[in-house]
Amino acid sequence: MIAAMLIVGFWVSSRIEQAVVQNSATSAALFMESFVSPLSQDLARSDRLSDPAERALTEIFEGTSLGERVVSYKIWKPGGLVVHASDPALIGKVFEPSDDLKLAWSGRIAASYENLNDLEDQAEAALGIPLLEVYSPIREVWTGQVIAVAEFYERAEVLDRDISDARRKSWLVVGSTFLASGVLLFGIVLTGGRTIRDQRKQLEQQLEETRAVSQQNLTLRRRAVSASSRATAQTERTIRRIGSDLHDGPAQYLALAALRLDGALPDQDAKNPDAHEVRKSLDKALSEIRAISRGLALPDLDALDLHTLVTRAVDDHEHQTDMEIALSFVGKEPFSMDYTQKLCVYRFLQETLSNVARHAGVEQASVKVEAGFDAITISVRDHGTGFDAETSLKLRSDGGQGLLGLLDRAHSIGGNLAITSKHGKGTTMCLTLANVENVT
């Protein structure tokens with residue numbers, strides 16, 4: 001704003017000075033033209049004034065009020081020739097035309113204030129007083145053609161005071177305007193800055209509150225995941241114990257009952273239809289109890305690492321179904337898994353591989369394990385018939401955990417289960433378990 005104020009101030013001051021000088025020069029030129037023009041008509045036909053015209057000009061500028069105002073004068077012809085002047089030593093000399101002189105030859109009044117730098121201005125510059133230099137064209141009366149240019153130097157003490165007063169007033173107006181604008185702008189910026197600071201404090205306070213709430217939510221989520229993991233582990237241990245009890249208890253008693261039944265009945269009674277139905281029912285009950293027991297029984301997961309755990313689940317499935325499973329491991333050493341995460345991986349492989357064997361209509365599948373410090377991803381892929389995943393999530397497969405159960409199990413410990421399947425293009429099921437320390 002200071003730079004703009006200086007630029008505008010100098011421009012306004014310059015424009016006012018030019019206007020004042022031009023107005024003063026126009027008035028002086030019109031006044032002088034009434035005296036000089038009638039006496040200079042001889043210049044339309046020659047390069048010098050007649051003797052009576054010269055004497056008349058001398059009398060006008062000497063001993064009169066006009067002479068007190070005009071300290072010197074010159075009359076120019078084209079090419080910079082001085083044909084008459086108040087200083088006789090300049091008459092007949094030729095000087096390089098100035099810009100103002102050229103402008104006057106075009107028919108316009110030209111003026112300059114305190115610009116006495118030309119060679120012919122040495123005498124006037126030596127006076128040491130403010131002067132208004134005016135160039136006024138002299139026209140022929142009948143044709144209006146410019147026949148000469150009258151240059152005169154008028155005392156400009158009054159003009160100097162007027163210009164100084166105009167400069168002072170213009171700078172006062174410009175300075176006051178910019179000062180008021182600056183104060184207003186400063187007030188706006190100050191108010192805006194105070195508002196921004198207040199809003200920033202409020203945002204920082206809200207951010208701290210949000211961080212506190214977020215930390216509480218994170219702590220609660222970790223506690224929920226930990227509690228869910230413990231509950232799942234306890235439930236699975238109970239289920240494993242039930243499976244073991246079924247295998248060691250009712251299954252053994254049913255086997256003993258079938259054995260004693262065969263020994264207690266004579267050969268002819270063993271062929272009795274009722275005896276045959278009893279024997280068939282005992283065998284079927286024993287088979288179902290053993291199947292349930294195998295489904296509930298689990299290996300000692302606490303002692304298994306991820307590689308051994310996955311290999312164990314794949315080998316068990318291949319042994320039971322004669323399917324070919326392509327197993328691959330990618331990545332670095334995984335994070336330390338707890339029992340619940342290991343259990344989730346094992347049940348995931350049990351359920352997904354069982355579904356492939358029963359529903360995909362293929363004899364091959366692939367299992368890919370991507371291990372890292374932050375997360376573990378296990379993918380089971382087949383190229384079978386595919387299915388509607390959204391509908392299947394609402395159902396539970398017979399005798400197994402069911403897709404919905406796997407999904408709930410994964411979510412309960414901070415993991416995720418993704419299913420991609422298209423009819424005729426196969427299915428990919430992807431289990432992702434995050435490091436519990438990094439759950440957010």
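The values are calculated or read from the model by the stated rules, or taken from the named source; none is laboratory data. Source: prediction; values computed, not measured. Don't worry about glycine lacking a Cβ; one is built from the backbone with ideal geometry, like all the others, and counts go over all protein chains shown. With ligands, DNA and RNA removed, areas are computed over all heavy atoms of the protein, side chains included. Shrake-Rupley method; radii C 1.70, N 1.55, O 1.52, S 1.80 Å.
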Point to revise | Sole residue being touching a Leu at 6+ places or on another chain (Cβ under 9 Å) and at pLDDT below 75, chosen from 402, 414 | key: 402
Revision key, fill the gap. The one condition residue 373 fails out of (1) in contact with a strand residue (DSSP E or B) (Cβ under 7 Å, 6 or more places away or on another chain); (2) open to solvent by 50 Å² or more (accessible area, probe 1.4 Å); (3) among the hydrophobic types (A, V, I, L, M, F, W, C) is (1)
Practice item. Determine whether residue 29 is open to solvent by less than 20 Å² (accessible area, probe 1.4 Å), at pLDDT below 80 and out of contact with any Cys (no Cβ under 9 Å at 6 or more places or on another chain). Key: yes
Exercise for review: Determine if region 32-45 includes at least one residue that is open to solvent by less than 40 Å² (accessible area, probe 1.4 Å), assigned to a loop (DSSP other than H, G, I, E, B), under 23 Å from residue 108 (Cβ atoms) and in contact with a strand residue (DSSP E or B) (Cβ under 8 Å, 6 or more places away or on another chain).
Suggested key: yes
Practice item. Show the residue pairs that are 6+ apart or on different chains and have beta-carbon atoms under 6 Å apart, the first residue being within region 155-173 and farther than 19 Å from residue 131 by Cβ, the second being in a helix (DSSP H, G or I) and polar (S, T, N, Q). Key: 170/13
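Give the number of residues within region 352-370 that are hydroxyl-bearing (Ser, Thr, Tyr), part of a helix (DSSP H, G or I) and surrounded by fewer than 21 Cβ atoms within 10 Å (Cβ to Cβ). Give the steps one after another, and end with the answer.
Of region 352-370, the ones hydroxyl-bearing (Ser, Thr, Tyr) are 352, 354, 366.
Within this subset, residues satisfying the condition of being part of a helix (DSSP H, G or I) are 352, 354.
Filter once more, so that each one left must be surrounded by fewer than 21 Cβ atoms within 10 Å (Cβ to Cβ): 354.
The total comes to 1.
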Review point. Somewhere in region 51-70, is a residue surrounded by fewer than 18 Cβ atoms within 10 Å (Cβ to Cβ), in contact with a strand residue (DSSP E or B) (Cβ under 7 Å, 6 or more places away or on another chain) and either at positive phi or hydroxyl-bearing (Ser, Thr, Tyr) (or both)?
Key: no
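Do we have residue 211 as assigned to a helix (DSSP H, G or I), without any contact (Cβ under 8 Å) to a residue 12 or more places away in the chain and either closer than 30 Å to residue 17 by Cβ or of a type in the set (Phe, Trp, Tyr) (or both) here?
Values: assigned to a helix (DSSP H, G or I): yes; without any contact (Cβ under 8 Å) to a residue 12 or more places away in the chain: yes; either closer than 30 Å to residue 17 by Cβ or of a type in the set (Phe, Trp, Tyr) (or both): no.
No; evaluated as a whole, the condition is false for this residue.
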Check your understanding: Going by the conditions given, is residue 349 surrounded by 18 or more Cβ atoms within 10 Å (Cβ to Cβ), modelled with pLDDT of 85 or more and out of contact with any Ser or Thr (no Cβ under 9 Å at 6 or more places or on another chain)?
Key -> yes
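To keep it simple, each residue is scored yes or no on (1) at pLDDT 90 or above; (2) surrounded by fewer than 17 Cβ atoms within 10 Å (Cβ to Cβ); (3) under 44 Å from the mean Cα position of the chain (by Cα).
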site: 97; (1), (2), (3): no, no, no
site: 110; (1), (2), (3): no, no, no
site: 128; (1), (2), (3): no, yes, no
site: 134; (1), (2), (3): no, no, no
site: 144; (1), (2), (3): no, yes, no
site: 158; (1), (2), (3): no, yes, no
site: 164; (1), (2), (3): no, yes, no
site: 175; (1), (2), (3): no, yes, yes
site: 202; (1), (2), (3): yes, yes, yes
Point to revise | Check on residue 338, open to solvent by 50 Å² or more (accessible area, probe 1.4 Å), within 51 Å of the chain's Cα centre (by Cα) and in contact (Cβ under 8 Å) with a residue 60 or more places away in the chain | key: yes
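Quick grid of which residues meet (1) open to solvent by 90 Å² or more (accessible area, probe 1.4 Å); (2) of a type in the set (A, V, I, L, M); (3) touching a Gly at 6+ places or on another chain (Cβ under 9 Å); (4) under 30 Å from residue 6 (Cβ atoms):
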{"site": "178", "(1), (2), (3), (4)": "no, no, yes, yes"}
{"site": "187", "(1), (2), (3), (4)": "no, no, no, yes"}
{"site": "190", "(1), (2), (3), (4)": "no, yes, no, yes"}
{"site": "193", "(1), (2), (3), (4)": "no, no, no, yes"}
{"site": "198", "(1), (2), (3), (4)": "no, no, no, no"}
{"site": "214", "(1), (2), (3), (4)": "no, no, no, no"}
{"site": "218", "(1), (2), (3), (4)": "no, yes, no, no"}
